1. Could you tell me which numbered condition residue 244 fails, if it satisfies all but one of (1) touching a Gly at 6+ places or on another chain (Cβ under 7 Å); (2) at pLDDT below 90?
2. For residue 264, are the conditions met, namely being under 30 Å from residue 107 (Cα atoms), aliphatic (A, V, I, L, M) and assigned to a helix (DSSP H, G or I)?
3. The conditions are (1) farther than 30 Å from residue 115 by Cβ; (2) at pLDDT 95 or above, and residue 271 fails exactly one of them. Which is it?
4. Return yes when residue 55 is assigned to a strand (DSSP E or B) and out of contact with any Leu (no Cβ under 7 Å at 6 or more places or on another chain) and no when it is not.
5. So which residues in the stretch 20-33 are in contact with a Phe, Trp or Tyr (Cβ under 9 Å, 6 or more places away or on another chain) and either surrounded by 20 or more Cβ atoms within 10 Å (Cβ to Cβ) or at pLDDT below 95 (or both), if there are any at all?
6. Just name the residue that is farthest from residue 142 (Cα to Cα) out of those in the stretch 1-23 that are among the polar types (S, T, N, Q) and within 12 Å of the ligand (Cβ to nearest atom).
7. Assigned to a loop (DSSP other than H, G, I, E, B) and either within 16 Å of the ligand (Cβ to nearest atom) or hydroxyl-bearing (Ser, Thr, Tyr) (or both): is that true of residue 39 in this structure?
Amino acid sequence: MRVLVVYGTKRGGTEGLAAAVGQGLVDAGHTVDVLPARKPLDSLVKWEAVVVGGALDVWFWQRDARRFVKRHLDELQQLPVWFFSSGPLDDSASERELPPPPSVAHLARLAGAQAHKTFGGRLVPGGKTALPTGDWRDLDATRAWGRAVGAQLATMPVRERAHVPQAMSAVHRLVLGLCLFTGITAVGGGLALITSPPRLQGPPAELLEHSPFDSYLIPGLLLFLVIGLGNLAAAALEARRIRGSEVAVLVAGAALTTWIVTQLVMIRTVSWLQLVYFLIGTVTLGAALWLWLVRHRLAPHRLIPRS
Ligand SMILES: Cc1cc2nc3c(=O)[nH]c(=O)nc-3n(C[C@H](O)[C@H](O)[C@H](O)COP(=O)(O)O)c2cc1C
């Protein structure tokens with residue numbers, strides 16, 4: 001099989017780890033391309049499996065590796081994928097299995113990675129720090145891991161390879177669109193309620209008869225801040241697939257449905273617009289719940305500890 005090994009590096013050390021993983025995959029009989037994550041790729045269509053590695057820097061992967069995963073997420077979700085990290089400079093990674101930091105575990109779950117492995121870090125000559133330099137770390141274990149991945153890949157049943165539901169990207173785009181639509185229209189509606197002179201252009205004041213409010217100022221502020229900005233914030237988080245973004249979308253959907261139900265109770269009239277927004281709120285809620293389940297439970301995390 002043709003396998004892509006892609007790495008994100010700041011000081012060059014992870015490149016050596018990626019090369020050793022690549023050699024292991026070649027040992028196992030695969031054809032391998034080892035490329036830096038900063039090299040832009042139009043698509044991953046040439047490859048049948050991908051190994052992504054990133055240098056760890058204060059609990060996050062180096063930026064190019066993070067961007068690679070997010071840019072190619074749709075394709076990665078349909079391929080067998082493995083992750084590795086270039087970790088601590090001491091011997092801790094060879095002494096025991098080090099779990100990925102939460103940010104990397106999140107990416108691994110999004111991509112449906114089969115496994116994650118932390119290797120000891122390396123600093124290459126010319127590295128910008130005063131720490132020991134040189135190709136000093138033994139790469140046999142890294143190559144052996146590449147071989148093991150290669151062997152696993154060769155024997156994996158085809159049905160195991162496309163394990164993330166195809167609908168995941170469509171649902172992601174759906175909630176993004178719904179949150180944006182709700183956010184923009186609620187910001188507009190909220191501003192209109194806040195600024196409309198009472199009893200002139202605003203909705204009739206009689207509608208507030210069964211509510212604790214005597215003007216539209218507070219409902220307008222709630223609509224603007226909670227529903228409007230809340231949905232826009234959820235859309236921004238979901239757009240970047242920040243860890244926990246589906247929870248933000250879930251809260252935004254719940255806020256919208258609660259808003260409509262509260263309106264119905266207080267205003268005691270029903271309009272088609274309320275029904276439309278109630279539907280949008282429930283679809284947002286349901287879709288966010290589905291995303292949460294898929295991302296946290298159903299996506300394979302066989303060797304990735306949940307965090
Ligand atoms: C300034 C600095 C910060 C680092 N931070 C971490 C860290 O937070 N966690 C970790 O496991 N390793 C950390 N390391 C180790 C690096 O991940 C390791 O050296 C890596 O191999 C360097 O990769 P690169 O040369 O490909 O950029 C750090 C290294 C340096 C020099």
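The values are calculated or read from the model by the stated rules, or taken from the named source; none is laboratory data. As the structure is a computational prediction, the values presented were derived from the model and not from experiment. Cβ coordinates were reconstructed from backbone atoms using ideal geometry, including for glycine residues, and neighbour counts include every protein chain displayed.
1. (1)
2. Numbers: under 30 Å from residue 107 (Cα atoms): no; aliphatic (A, V, I, L, M): yes; assigned to a helix (DSSP H, G or I): yes.
So residue 264 does not fit the description; no.
3. In the conditions (1) farther than 30 Å from residue 115 by Cβ; (2) at pLDDT 95 or above, residue 271 misses (2) alone.
4. Numbers: assigned to a strand (DSSP E or B): yes; out of contact with any Leu (no Cβ under 7 Å at 6 or more places or on another chain): yes.
The answer is yes for residue 55.
5. To start, the set of residues in the stretch 20-33 that are in contact with a Phe, Trp or Tyr (Cβ under 9 Å, 6 or more places away or on another chain) comprises 20-21, 24, 33.
Passing the criteria: 20, 21, 24.
6. Initially, the stretch 1-23 is screened for residues among the polar types (S, T, N, Q), giving 9, 14, 23.
Filter once more, so that each one left must be within 12 Å of the ligand (Cβ to nearest atom): 9, 14.
Values: 9: 16, 14: 11 Å.
It comes out as 9.
7. Values: assigned to a loop (DSSP other than H, G, I, E, B): yes; either within 16 Å of the ligand (Cβ to nearest atom) or hydroxyl-bearing (Ser, Thr, Tyr) (or both): yes.
Spelling it out, residue 39 is indeed assigned to a loop (DSSP other than H, G, I, E, B) and either within 16 Å of the ligand (Cβ to nearest atom) or hydroxyl-bearing (Ser, Thr, Tyr) (or both).
Residue by residue, here is whether (1) more than 11 Å from the ligand (Cβ to nearest atom); (2) surrounded by 24 or more Cβ atoms within 10 Å (Cβ to Cβ); (3) of a type outside the set (A, V, I, L, M, F, W, C); (4) part of a loop (DSSP other than H, G, I, E, B) holds:
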{"site": "66", "(1), (2), (3), (4)": "yes, no, yes, no"}
{"site": "70", "(1), (2), (3), (4)": "yes, no, yes, no"}
{"site": "85", "(1), (2), (3), (4)": "no, yes, yes, no"}
{"site": "89", "(1), (2), (3), (4)": "no, no, no, yes"}
{"site": "107", "(1), (2), (3), (4)": "yes, yes, no, no"}
{"site": "118", "(1), (2), (3), (4)": "no, no, yes, no"}
{"site": "121", "(1), (2), (3), (4)": "no, no, yes, yes"}
